[in-house]
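The values are calculated or read from the model by the stated rules, or taken from the named source; none is laboratory data. Every value quoted in this text rests on a predicted model; they were computed, and no experiment measured them. So basically every Cβ, Gly included, is an ideal-geometry build from the backbone, and we count neighbours across all protein chains shown. Accessible surface areas use protein heavy atoms only, side chains included; no ligands, DNA or RNA. Shrake-Rupley method; radii C 1.70, N 1.55, O 1.52, S 1.80 Å.
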Amino acid sequence: MGLSSVERIIPGARWLRGYSTEFFAADFIAGITVGLTVLPQSLAYATLAGLDPQYGLYSAFMGGAVYALLGGCREVTIGPTALLALMTSRHTNLGGMSGPHLAILLCFLAGIVELIMALLRLGALVDLISLPVTIGFTSATALIIGASQLKGLLGLPGSPSSSSFLPTMKFIITKFTDLSPSDALLGIGSIVILLVLRKLKDIKTPEDATKKRKIFGGLLWLISTSRNALLVLISSMFAYHAQNSGHTPFILTGKVKAGLPSFSLPPFETDISGQNGTTIHWDTMDMITELGSSIALVPIIAVLGNVAISKAFGGAGIDATKELIALSLSNILGSFVGSMPVTGSFSRSAVNYASGVKTPLGGIYTGILVILALSVLTPYFQYIPRAGLSAVIISAVIFMIEYEVIKPLWRCSRRELFTVALTLILSLAIGVEIGLLSGVFLDIAFVMHRTARPILSFEQCESLSAIEFTMMKPRHSLLCFPATEYIRTALNENIARLERSPTFVVIDFRNIHELDYTAAKGIIGLKKELALRKITLILLGCDEKVKLMLKTSSKANDVWQVKDENELDILLQDVKGNPKEELKHVIAPLLAQEDNEDDITVIRKESQ
């Protein structure tokens, strides 16, 4: 049964076809389970972004509803992530309401850029970001995020001069003696507990286990999945009890604004704090200038992560353009309810998958839970210890550091390991944007170098009838203009190293499937240059595209070609036996007409 017109416009409508009670139960359970994960993470990521905690919750419900209607992968959950929170934090320290205003505007503009990318079908641009670049970037980001949370984890007073890695680490080392013992104990203990609880989900229940054993296994999985919520709940209860007893052992989150956000346009002007307590008004252009490169980098990173998650869970059938549209509208509409930039979360998507979700409608149930939390639970969020939220973030991002790739890359591809190292070091030392762009440019430079300097191999060969010739084999399928002079120079250098100059040079074109005009003219020029030295150039195994390009590039059909080793041997015998003739009757030139097969028949008759 094909898709209806409504389903073509709103892809999520197809999930409603045949939506059963069983699907509802599965989606509801998965949605609530993901909600127990997203609540503490949203509060923590808002703090990481330099915003009040409620903005994390504002970011956690709209994306799920939009993706349920437009998304193509049932496991994907849209919401705030540590990486986008870190990139947002660069613009939220200017004082006043400028932090939330800039974060919301960045969310809106990122959605607009993503929508433009979708309309222009530019999703393939993320293919320019290779896996080594991604590994270096995410590992550096994890280290930066972890370092930024050490202040809250240890209860240190003050703030670093910058959110970058090196200033943050300098601040931590300088202020380490001023740590709060109670906050440090809670923070470090929380990380240990979270890492231990994380392992509970790996305890497998045998298929032939008893009913009680299966229930126990399910309980362990639930505890492991909701570990963040359990930690925040227990630590908050302890802090609440201590507060009522007249003690304040921990630095707390503070009051969280209750109620749902108003639905309104994103802010296009704001006020920042100037010197001596003055206020400076910024218009839209001032805000865009401040956001700068983040307007492009945030959507690129969001798209990269979301498409990767969609393909990881949804397989090859995922339409990248439709995913871009879903993500863009999640950000655009999210900005109307005070959201910071959002994308797919791999950890929460994994929870969604493990919970047995059946359709993207599970995201709506997660959003409902977040809305209920905003309506009912916000008075209690103020008792959440900051050390607990820092522990939640650190225990999540620590697994983003992909150190396990070092050994295989060292053994197999040190060039790619260098890309990882460059991206990682520059991201830590200068900034994640510089690190990411440097890694991308390094990969592009390598591809350009491979194009300009193709791998060539030279062999001294003999034909079937023992006639000697020099064989040059390009290893790549493309020969274009940057490689033209390099091929000529490499061939001449190889000939110069030989004891005696060869009579024949054969270029193996069986791997070459594309030849541009400049390279074709270079081959023709090489043929003439070798002819002056009484060396015959022959091309072996050219395909039709290469033939056409050479035909277009030469006025005279004077470049010899053969299909295989048998024809090569026939040609070599005839040229050797008739060195002073042009031999156009022996074999069709590369640029011959479509009657190539008839010409080869003539060759064989004359050779008999």
* Structure fact -> Karplus ³J(HN,Hα) for the stretch 274-288 (6.51 cos²θ - 1.76 cosθ + 1.60, θ = phi - 60°; Hz, whole; x = Gly/Pro) runs x, 6, 6, x, 7, 10, 10, 8, 10, 8, 4, 5, 5, 5, 5
* Asked: Which cross-chain or sequence-distant (5 or more) residues have an amide H under 5 Å from the amide H of Leu252, H modelled 1.01 Å from N in plane?
  -> Arg386
* Whole-angstrom gap from the stretch 198-220 to the stretch 338-382, using each part's C-alpha centre -> 25
* Asked: Which angle between 0 and 90 degrees, to the nearest 10, do you get for helix 596-607 versus the longest principal axis of the chain when only C-alpha atoms count?
  -> 40
* Asked: Which order do Cys412, Cys107 take by accessible area at a 1.4 Å probe, largest first?
  -> Cys412, Cys107
* To do: Give a residue-ordered list of calculated ³J(HN,Hα) values for the stretch 519-531 (Karplus: 6.51 cos²θ - 1.76 cosθ + 1.60, θ = phi - 60°; whole Hz; x for Gly, Pro).
  => 5, 5, 5, x, 5, 5, x, 5, 4, 5, 5, 5, 4
* Area of Phe165 that stays accessible when all protein chains are in place (1.4 Å probe, Å², to 10) -> 40
* For Glu514, which sequence-distant residues (separation of 5 or more, or a different chain) have an amide H within less than 5 Å of its own amide H, given hydrogens modelled in the peptide plane? -> Leu479
* Structure shown: which of Lys528/Lys576; Lys201/Lys257; Lys322/Lys358; Lys170/Lys201; Lys473/Lys576; Lys175/Lys199 lie over 27 Å apart, alpha-carbon to alpha-carbon? -> Lys201/Lys257; Lys170/Lys201; Lys175/Lys199
* Structure fact -> Counting as exposed only GluC sites (Glu not before Pro) in DSSP loop states with no more than 11 other Cβ atoms inside 10 Å, the longest exposed-site-free span of the chain is 208-498
* To do: Divide the volume of the convex hull of the Cα atoms of the chain by its number of residues and quote the answer in cubic angstrom per residue.
  => 248
* Structure fact -> Rounded to the nearest 0.05, FRET efficiency between Arg475 and Ile215 (Cβ-Cβ, R0 45 Å) equals 0.15
* To do: Per residue of the stretch 87-96, in order, report the coupling 6.51 cos²θ - 1.76 cosθ + 1.60 (Karplus, θ = phi - 60°) as ³J(HN,Hα) in whole Hz, putting x for Gly and Pro.
  => 5, 6, 4, 5, 10, 10, 10, 9, x, x
* Leaving out ligands, DNA and RNA but keeping every protein chain, what accessible area does Arg386 have, in Å² rounded to the nearest 10, with a 1.4 Å probe? -> 80
* Structure fact -> Counting only protein heavy atoms and rolling a 1.4 Å probe, one gets per residue an accessible area for the stretch 86-234 in Å² of 50
* Summing -39500 (n - 2.57) over the DSSP H runs of n ≥ 4 in the chain and dividing by its residue number, what mean residue ellipticity at 222 nm do you reach, to the nearest 500 deg cm²/dmol? -> -18500 deg cm²/dmol
* Asked: Top to bottom by accessible area (1.4 Å), largest first, where do Met285, Met169 land?
  -> Met285, Met169
* Asked: If you average 1/r over all unlike Cα pairs in the stretch 199-250 and invert the result, what Kirkwood radius do you get in angstrom?
  -> 13.1
* If you find the alpha carbon centre of the stretch 163-182 and of the stretch 93-145, how far apart are they in angstrom? -> 28
* Asked: So for the chain: antiparallel DSSP bridges make up what percent, rounded to the nearest 5?
  -> 55
* Taking H as built 1.01 Å from N, whose amide H comes closer than 5 Å to the amide H of Thr536, not counting residues under 5 places away? -> Phe504, Val505
* Asked: What percentage of the solvent-accessible surface of the chain, computed with a 1.4 Å probe over protein heavy atoms, is contributed by carbon and sulfur atoms?
  -> 63
